[in-house]
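K.L.:
After the structure tokens below, expect a handful of questions from me.
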Amino acid sequence: MTTISLVATEPEAKGVKHITTSENSQVLRGTTLVKRGFAHMQKHGVIMDVTSVEQAQIAEEAGAVAVMVLDKLPYDIRKAGGVARTASVKVIQEIMDAVTIPIMAKCRIGHASEAKVLEAIGVDMIDESEVLTPADEVRHIWKWDYTTPFVNGAKNLGEALRRIEEGCAMIRTKGEPGTGDVAEAVTHIKMLNNEIRRLCSFSEDNQELIKSAREMKTSFALLQETARLGRLPVVNFAAGGISTPADAAFLMNLGCDGVFVGSGIFKADDPAQRARAVVLATTYHQDPKIVAEAQKMVDEKKSMLGLDTKNLELRMQERGPST
Amino acid sequence: MRDKKKNIAIGILGIQGDIEENIAATIDALRTMKINGDVYPVRYPEEIEQVDG
């Protein structure tokens with residue numbers, strides 16, 4: 001029995017590996033069940049962006065379910081300019097040696113070789129991310145070729161389903177990373193929720209479903225499954241601009257399955273305390289008293305100042321192909 | 001209110017991870033084994049006292 005949706009999968013994908021164990025039994029790695037199942041295991045948790053062993057240890061200590069390794073935090077990527085690439089292999093391996101929670105890392109959109117490097121060193125999940133400078137302006141990675149599961153960003157339902165069709169095992173809102181402003185992530189999750197609600201209103205009407213599938217440039221099977229489930233067939237996390245415990249609780253209450261926090265923790269002046277508070281608020285997002293306790297743990301004067309999303313030189317959510 | 005004499009109460013740690021999936025799997029197991037039981041997510045310390053295991 002599984003509650004993990006296996007719709008629109010590629011059972012013969014290159015990423016599925018037949019392994020013979022030392023006891024001579026045959027096992028499969030990289031199946032859709034394992035990839036989407038791994039994403040499900042992160043549900044209700046917080047995944048924190050880190051750039052060093054010290055930050056990863058703070059995240060683990062605070063109760064993060066996983067860490068996302070970057071060369072620079074999104075806020076610093078904006079400040080530095082230039083080309084943002086995947087993190088150093090050496091740093092990723094040092095972090096893998098230092099913590100016991102899963103390690104994720106970002107690769108550039110469309111950069112199949114960066115993704116292969118991350119897979120080769122054994123990261124647990126790859127984020128094909130618009131936070132880094134896209135390597136291909138028109139194509140995403142064909143993720144069925146990988147044994148390692150992928151996470152992708154999406155601003156709306158069509159984008160999310162197209163990424164799932166390419167083999168992605170987890171979706172996150174794009175938001176506007178590195179700004180400390182949660183408004184864009186809220187817009188994206190509300191857009192997605194509204195589109196799913198609309199879909200559910202004609203879930204039995206295949207004529208309408210195929211019309212919507214064509215409009216969204218995605219498969220009928222995926223759209224039909226989304227209408228049946230009343231949610232995406234994979235886990236959907238919030239990301240982009242989250243900086244306080246209340247931000248995390250807000251997005252969880254809007255229906256997100258978990259939270260990514262990027263610059264919000266390690267660009268604040270109270271990272272260890274804030275990390276613990278965000279985990280607490282995410283876990284007990286439905287309990288305002290506990291979220292209030294979490295808010296008490298942080299000092300607003302120590303929050304990252306943030307950036308005005310209306311006057312950004314670089315809108316990360318618009319980078320790379322959305323089709 | 002559940003009748004603990006009739007039904008066994010199983011608690012599933014409801015903090016992080018596959019909470020709904022674990023609840024669904026446990027309900028399925030109880031049904032398969034024909035055991036009368038209810039499954040509850042456990043999120044607060046005091047809830048541990050209210051389950052049998």
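The values are calculated or read from the model by the stated rules, or taken from the named source; none is laboratory data. Being a predicted model, the structure only gives us computed values, none of them experimental. Cβ: placed from backbone, ideal geometry, glycine included. Neighbour counts: every protein chain shown.
K.L.:
I'd like the residue in region A:46-65 that is crowded, with 24+ Cβ neighbours inside 10 Å and among the small types (Gly, Ala, Ser) and, out of all such residues, is farthest from the other protein chains (Cβ to nearest Cβ).
P.N.:
A:56
K.L.:
Further, regarding this structure: Of A:173, A:244, which residue is closer than 17 Å to residue A:153 by Cβ, hydroxyl-bearing (Ser, Thr, Tyr) and modelled with pLDDT of 95 or more?
P.N.:
So the residue among A:173, A:244 that is closer than 17 Å to residue A:153 by Cβ, hydroxyl-bearing (Ser, Thr, Tyr) and modelled with pLDDT of 95 or more is A:173.
Here's the yes/no breakdown for (1) under 27 Å from residue A:37 (Cβ atoms); (2) buried (at least 22 other Cβ atoms within 10 Å of the Cβ); (3) out of contact with any strand residue (DSSP E or B) (no Cβ under 8 Å at 6 or more places or on another chain):
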site: A:204; (1), (2), (3): no, no, yes
site: A:218; (1), (2), (3): yes, yes, yes
site: A:239; (1), (2), (3): yes, yes, no
site: A:243; (1), (2), (3): no, yes, no
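K.L.:
Just the residues that are farther than 21 Å from residue A:43 by Cα, among the polar types (S, T, N, Q) and assigned to a helix (DSSP H, G or I), please, taken from region B:9-53.
P.N.:
Across region B:9-53, the qualifying residue is only B:32.
K.L.:
Taking region A:296-323 as the search range and keeping residues that are part of a loop (DSSP other than H, G, I, E, B) and of a type in the set (Val, Ile, Thr), which one is farthest from residue A:263 (Cα to Cα)?
P.N.:
Per the criteria, the residue is A:323.
K.L.:
Still on this structure, please answer the following. Just for helices (runs of 4 or more DSSP H) wholly inside region A:26-102: which have at least 1 residues that are under 24 Å from residue A:168 (Cα atoms) and modelled with pLDDT under 95?
P.N.:
Because the criterion is at least 1 residues that are under 24 Å from residue A:168 (Cα atoms) and modelled with pLDDT under 95, the helices (runs of 4 or more DSSP H) in region A:26-102 that meet it are A:32-40, A:74-80.
Yes/no matrix, rows are residues, columns are (1) touching a helix residue (DSSP H, G or I) at 6+ places or on another chain (Cβ under 7 Å); (2) surrounded by fewer than 23 Cβ atoms within 10 Å (Cβ to Cβ):
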residue: A:88; (1), (2): no, yes
residue: A:108; (1), (2): yes, no
residue: A:113; (1), (2): no, yes
residue: A:132; (1), (2): no, no
residue: A:161; (1), (2): yes, no
residue: A:183; (1), (2): yes, yes
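K.L.:
If you go through region A:1-26 one residue at a time, how many are surrounded by 12 or more Cβ atoms within 10 Å (Cβ to Cβ), in contact with a His (Cβ under 9 Å, 6 or more places away or on another chain) and either of a type in the set (A, V, I, L, M, F, W, C) or more than 14 Å from chain B (Cβ to nearest Cβ) (or both)?
P.N.:
Adding up the residues that qualify gives 1.
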